[in-house]
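Worksheet: one structure, shown below.
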Amino acid sequence: MNLKLVFSTFLFFSFQIILAQETIKPIALDKSVLSGVGLKKIDLKDEPEKDFYQKRLFKGTDISVYVVSTETWNNKMNNFPFDEFVYMFHGEAIVKPKNGSSQLFHSGDFFFAPKGFTGEWEIIAGKNLHYELSVITNQRADSSLVRTDNLHKLFDRSKLSGVSIELDKDGRYFETLHKGLELTISLVAEKPMELNNDIPAKEKLVHLLSGQVTISDKNNQKQTFYTGDFFIIPKGFTGNFKSDGHGLVKYLIVEKTIAE
């Protein structure tokens, strides 16, 4: 047996394993769970009679992503403890602030629930179960901070449709749709292009509104995401981003608010 060859082979595969462990890659959120499959029923201590289901899709350094489901229910809230980004897959929600007008959110809506909200949140699912995507931060902002505009915010479908978007001279568009105490939501658009991003990324959830994006990590391993996909860009990721589509690629970004 050629011991030198064996040793060289061992070193090669050991190096490949270490390299794979160290490589930071984008994370596709499980489409089965996003479809409402495999949610686990959870017994709530304060509301034992409530049918409540939940599954965590991702927990990182800054944010966590869940799919949450419940029966028709009226939730009374006093000083809601965190910012929350919500995408409603099925059902409706009527939000009734203590001070202010009621808001109705439907399946297909993206909206923001603010830290400090006081009022009622009525989930409407008929005889079925509603379910939604939920994004929160892992650490709470200073509880002494208070926002005067602590009402829920619906992200305008007309804005997300991209009709009014005007690209800059570099073929890109960026707009902060809302900056909460804990979460910031942005709309990004661009003409199809390729970018080499050598700056370590912040952790963020990305929802591709239109087009496709192919992301290559530092080992040139590629992942492609398509219209409707949800995925995570992990903290510290660097790599190449290649977008393609019919004239315009758009995506929502949800990330932790950076204190000023």
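Just so you know, all these numbers are worked out from the coordinates, no wet-lab data involved. Just so you know, these numbers come straight off a predicted model, no measurement behind them. Methodologically, a virtual Cβ is constructed for each residue, glycine included, from the backbone with ideal geometry; neighbour enumeration extends over all protein chains shown.
Quick look at the values:
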| item | result |
| --- | --- |
| For Ala28, residues with placed amide H under 5 Å, excluding near neighbours | Ile232 |
| Contact order normalised by residue count of the chain, Cα under 8 Å, 6+ apart, percent | 18 percent |
| Amide hydrogen neighbours beyond the local backbone of Asp51, cut-off 5 Å, H modeled | Glu71 |
| Euclidean distance between Cα centres, the range 162-196 to the range 200-260, Å | 12 Å |
| Rounded to 10°, Cα long-axis angle of helix 3-22 versus longest principal axis of the chain | 20 degrees |
| Förster-model FRET efficiency, 25 Å R0, Glu120 and Asp149, C-beta, rounded to 0.05 | 0.85 |
| Gained length - Asn197 relative to Lys179, 0.36 nm times residue gap less alpha-carbon distance | 4.1 nm |
| Long-range amide H partners of Thr227 with built H, under 5 Å | Gly211 |
| Exceeding the 23 Å Cα-Cα cut-off - candidates Lys55/Lys204; Lys55/Lys96; Lys204/Lys250; Lys25/Lys202 | Lys55/Lys96 |
| Distance in nm between pseudo-label sites at Asn128 and Asn220 (7 Å out along the Cβ direction from Cα) | 4.7 nm |
| Extension gain, Ile94 back to Glu47 (0.36 nm per residue minus Cα-Cα distance, nm) | 14.9 nm |
